[in-house]
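Accompanying notes for the structure given below.
The values are calculated or read from the model by the stated rules, or taken from the named source; none is laboratory data. In this text the structure is predicted, and so the values were computed from the model without any measurement. Positions of Cβ are backbone-derived with ideal geometry, glycine not excepted, and every protein chain shown enters the neighbour counts. Ligands, DNA and RNA are stripped out before the accessible areas are found, and what is left, the full protein with its side chains, is counted by its heavy atoms. Shrake-Rupley method; radii C 1.70, N 1.55, O 1.52, S 1.80 Å.
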Amino acid sequence: TQLLEQSPQFLSIQEGENLTVYCNSSSVFSSLQWYRQEPGEGPVLLVTVVTGGEVKKLKRLTFQFGDARKDSSLHITAAQPGDTGLYLCAGAESGGSNYKLTFGKGTLLTVNP
Amino acid sequence: DAGVIQSPRHEVTEMGQEVTLRCKPISGHNSLFWYRQTMMRGLELLIYFNNNVPIDDSGMPEDRFSAKMPNASFSTLKIQPSEPRDSAVYFCASSPWAANEKLFFGSGTQLSVL
């Protein structure tokens, strides 16, 4: 089983601050997805990264896939209360079943106004 | 599109009772997944259907759990008998093709077994 470790587990910041959360593994993934989950709802896909070293931007969110496709980071600039939620990374197995996603346990972000 | 629809949103039951969770995937999606989420273990894949056929049920905890997909628009996850350790949020998700394309999750069923 491929494991994904996310850090930090919890993060509480003030509106306007920048932050970075991490997703690490010893395994190689063919692609990696980031989801945001709000209380009482299911996860919603934010982005998929596929190529090692790839950087994708979604407004104030910047996602990077590691060169070796084992890790990823999510950077948020000027965080807003609406960014509050559980951020999950999920890796698709490399060379295996193309339907299996391994999820990390997530980073719970709270942005205080 | 209404998205993935799950029912009930909340279920409270007593140990030993049968529990049935329901899911309506997004129309046209070929893949359906049942996940369980807990604080300790995060999101775990229980079972995966493709074109209504169970492909991988290796994540189903034990024989007390069963899942069916009688047609492309409906799936159930049944726990019989239920136990307190089954308490979790159960999510259904659907995808147009393979999981590494994109998963659309329902809002989940919060299950509490007393």
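Quick notes
- Set B:R64, B:R22, B:R36, B:R85: member being loosely packed, with under 15 Cβ neighbours inside 10 Å and basic (K, R): B:R85
- Some residue of the stretch A:59-75 being of a type in the set (K, R) and free of Cβ contacts under 8 Å to residues at least 24 places away in the same chain: yes
- Lone qualifier among A:G40, A:G16, A:G53 - being free of Cβ contacts under 8 Å to residues at least 12 places away in the same chain, assigned to a loop (DSSP other than H, G, I, E, B) and either farther than 28 Å from B:S94 by Cβ or within 14 Å of another protein chain (Cβ to nearest Cβ) (or both): A:G40
- Scope the stretch B:11-47; condition assigned to a strand (DSSP E or B) and in contact with a Ser or Thr (Cβ under 7 Å, 6 or more places away or on another chain); matching residues: B:E11, B:V12, B:T13, B:V19, B:T20, B:L21, B:R22, B:C23, B:K24, B:S31, B:L32
- Any hit, the stretch A:78-95, residues being within 24 Å of B:S95 (Cβ to Cβ), more than 10 Å from the chain's Cα centre (by Cα), open to solvent by 10 Å² or more (accessible area, probe 1.4 Å) and more than 9 Å from every other protein chain (Cβ to nearest Cβ): yes
- Residue satisfying condition, being in contact (Cβ under 8 Å) with a residue 12 or more places away in the chain and touching a Leu at 6+ places or on another chain (Cβ under 8 Å), within set B:P25, B:P54, B:P81, B:P70: B:P25
- Given (1) within 11 Å of the chain's Cα centre (by Cα); (2) more than 14 Å from chain A (Cβ to nearest Cβ); (3) β-branched (V, I, T), number of the condition B:V113 does not satisfy: (1)
- Test for A:G104: is it on the phi > 0 side of the Ramachandran plot and within 14 Å of chain B (Cβ to nearest Cβ): no
- Qualifying position, being of a type outside the set (S, T, N, Q) and within 10 Å of chain A (Cβ to nearest Cβ), among B:G16, B:G42: B:G42
- Checking every residue in the stretch A:27-45 against the condition of being aromatic (F, W, Y), within 19 Å of B:R41 (Cα to Cα) and open to solvent by less than 10 Å² (accessible area, probe 1.4 Å) gives at least one match.
- Test: residue in the stretch B:94-109 that is part of a strand (DSSP E or B), open to solvent by less than 60 Å² (accessible area, probe 1.4 Å) and over 30 Å from A:T48 (Cα atoms): no
- Just one residue in the set A:F103, A:F65 is touching a Leu at 6+ places or on another chain (Cβ under 8 Å) and open to solvent by less than 10 Å² (accessible area, probe 1.4 Å); that residue is A:F65.
- Search result, residues across the stretch B:33-87 that are more than 23 Å from B:T13 (Cβ to Cβ) and of a type in the set (S, T, Y): B:Y48, B:S58, B:S73
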